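Below is one structure, written out as structure tokens; the observations come after it.
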Number of protein chains: 2
Amino acid sequence: MTTTEDDWRAAAREEGTDIDALAQSDDPQTKRIVARIDTLRASIDNIDMAIVALLAERFKATAQVGALKARAGFAPADYAREEQQMERLRLVAQGAGLDTHIAEQYREFVVTETKNRHRRIADAGGDAGVLDIFA
Amino acid sequence: MTTTEDDWRAAAREEGTDIDALAQSDDPQTKRIVARIDTLRASIDNIDMAIVALLAERFKATAQVGALKARAGFAPADYAREEQQMERLRLVAQGAGLDTHIAEQYREFVVTETKNRHRRIADAGGDAGVLDIFA
């Protein structure tokens with residue numbers, strides 16, 4: 001490894017490595033790795049697209065639950081449901097080979113976003129509709 | 001509305017409403033609403049299951065990207081990629097009818113979890129493998 005390469009690697013660790021820019025590299029090994037990363041990135045992008053589409057459906061469904069609960073005078077929260085959901089998600093995560101902690105954090109993320117979304121809409125002077133915490 | 005009902009509603013707002021427990025209600029309107037909430041909850045559960053399965057695939061793919069980057073001496077971060085991903089996710093969210101802020105928070109969630117996962121494994125004395133921040 002030349003000193004120039006050492007320097008480049010040290011800089012890369014701090015500034016990040018722009019993989020797309022490396023696609024023009026003359027080194028065949030670098031080109032090969034960049035091609036494999038590109039293939040994996042295309043899959044990651046597809047997965048993200050699917051997840052964002054599913055999140056859109058999820059928020060539509062929870063909004064409907066929130067409206068039904070409000071109409072019936074039920075509370076936004078249902079702690080028994082929360083418990084069941086978390087237990088089920090942990091099992092699904094185990095079956096899918098996902099760290100169960102990540103499934104718990106996913107749950108936390110959707111609950112937090114539901115609350116934040118309501119706050120943002122209300123702050124903007126809009127009608128935030130009804131809040132549903134665990135759906 | 002009777003005073004008993006008022007009392008029950010005030011308590012429910014604080015303690016949450018256990019929808020499953022209401023399925024035994026004698027009131028036909030309550031039963032109808034509980035049935036509709038149950039149907040929506042079944043969809044929410046299916047969506048969560050699909051998302052958790054996709055997250056498992058996502059973390060497998062990013063782990064592979066991390067290994068490839070480490071082998072090539074690339075940095076874990078790629079800020080150009082981060083910019084592109086965020087722009088794409090915003091567009092996908094708009095197309096799917098999802099608040100773009102939620103798509104941004106989803107991105108934040110996966111990046112944070114990648115870092116946390118590495119920290120947890122390393123803290124437990126295990127080999128955390130390679131860190132890949134934006135894949």
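The values are calculated or read from the model by the stated rules, or taken from the named source; none is laboratory data. What you are looking at is a predicted structure, and each value in this text was computed from that prediction instead of being measured. Glycine gets a Cβ as well: all are built from the backbone with ideal geometry, and neighbour counts include every protein chain shown. Please note that ligands, DNA and RNA were not included when accessible areas were found on the heavy atoms of the full protein model with its side chains. Shrake-Rupley method; radii C 1.70, N 1.55, O 1.52, S 1.80 Å.
Under a cut-off of 17 Å between alpha-carbon atoms, report the aspartates and glutamates in cross-link reach of A:K60, not counting same-chain residues fewer than 8 places apart.
Counting by Cα, and skipping residues close in sequence, A:K60 has these aspartates and glutamates nearby: A:E113, A:D127, A:D132, B:D38, B:D45, B:D48, B:D99.
Calculate how steeply helix A:3-15 sits against the longest principal axis of the alpha-carbon atoms of chain A, using the helix alpha-carbon long axis, and give the answer as 0 to 90 degrees to the nearest 10.
Roughly 10 degrees, rounded to the nearest 10.
Can you list the distances in nanometres, one decimal and ascending, from the A:G125 label point to the identical position in each other copy, with the point 7 Å along Cα to Cβ?
For A:G125, the inter-copy label distances come out at 6.1 nm.
Tell me, Kirkwood radius of region B:17-123 from alpha-carbon pair distances, in Å?
17.4
Run the dipole for the protein assembly as shown about the Cα centre, Lys and Arg Cβ at +1, Asp and Glu Cβ at -1, nothing else charged, and hand back the magnitude in debye, nearest 20.
500
Would you mind giving the mean number of other chain beta-carbons within 10 Å of the Cβ of each residue in A:110-122, as a whole number?
2
On the protein heavy atoms, probe 1.4 angstrom, tell me the percent of accessible surface of region A:3-123 carried by carbon and sulfur.
Taking all protein chains in place, region A:3-123 shows 50 percent carbon and sulfur surface.
In region B:72-96, what residues drop by 30 Å² or more in accessible surface going from the chain by itself to the full protein assembly, probe 1.4 Å?
Hits at the 30 Å² cut-off: B:A72, B:G73, B:F74, B:A75, B:D78, B:Y79, B:R81, B:R88, B:L89, B:V92, B:A96.
Give me a comma-separated list of calculated 3J(HN,Hα) values for region A:73-84, in order, Karplus coefficients 6.51, -1.76, 1.60 applied at θ = phi - 60°, integers in Hz, x for any Gly or Pro.
Karplus-based 3J(HN,Hα) across region A:73-84 equals x, 7, 6, x, 8, 9, 5, 5, 4, 4, 4, 4 Hz.
From the label point of A:D38, set 7 Å from Cα along Cα→Cβ, how far away are the matching label points in the other copies, in nm, ordered shortest to longest?
Spacings between copies for this position, smallest first, are 5.3 nm.
With θ set to phi - 60°, apply the Karplus curve 6.51 cos²θ - 1.76 cosθ + 1.60 along region B:105-111 and write out the HN-Hα couplings as whole Hz, x wherever there is a Gly or Pro.
Working through the residues one at a time gives 6, 4, 4, 4, 4, 5, 5 Hz.
Place a +1 charge on the Cβ of each Lys and Arg in chain B and a -1 charge on the Cβ of each Asp and Glu, then give the dipole magnitude about the Cα centre in debye, rounded to the nearest 20.
About 880 debye.
Among A:I37, A:I102, A:A77, which residue has its Cα positioned farthest towards the positive end of the charge dipole of chain A, with +1 placed on the Cβ of Lys and Arg, -1 on the Cβ of Asp and Glu, and the dipole taken about the Cα centre?
So the residue furthest toward the plus end is A:A77.
Could you work out how far the C-alpha centroid of region B:26-43 sits from that of region B:77-99, in angstrom?
About 36 Å separates the Cα centre of region B:26-43 from the one of region B:77-99.
With the cut-off at 29 Å, tell me which of the pairs A:K115/B:K69; A:K69/B:K115; A:K115/B:K31 have Cα atoms farther apart than that.
Pairs exceeding 29 Å: A:K115/B:K69; A:K69/B:K115.
Return the sequence-ordered ³J(HN,Hα) values of region B:121-126 in whole Hz as given by the Karplus equation 6.51 cos²θ - 1.76 cosθ + 1.60 applied to θ = phi - 60°, using x for Gly and Pro.
Residue by residue, region B:121-126 yields 5, 5, 4, 7, x, x Hz.
Which net charge results for the neighbourhood of A:V130, defined as the other residues with beta-carbon distances under 9 angstrom from its beta-carbon, given Lys and Arg at +1 and Asp and Glu at -1?
+1
Which far-off residues, 5 or more places away or on another chain, put their amide H under 5 Å from the one on B:A75, with H placed in the peptide plane?
Hits under the 5 Å cutoff: A:T17.
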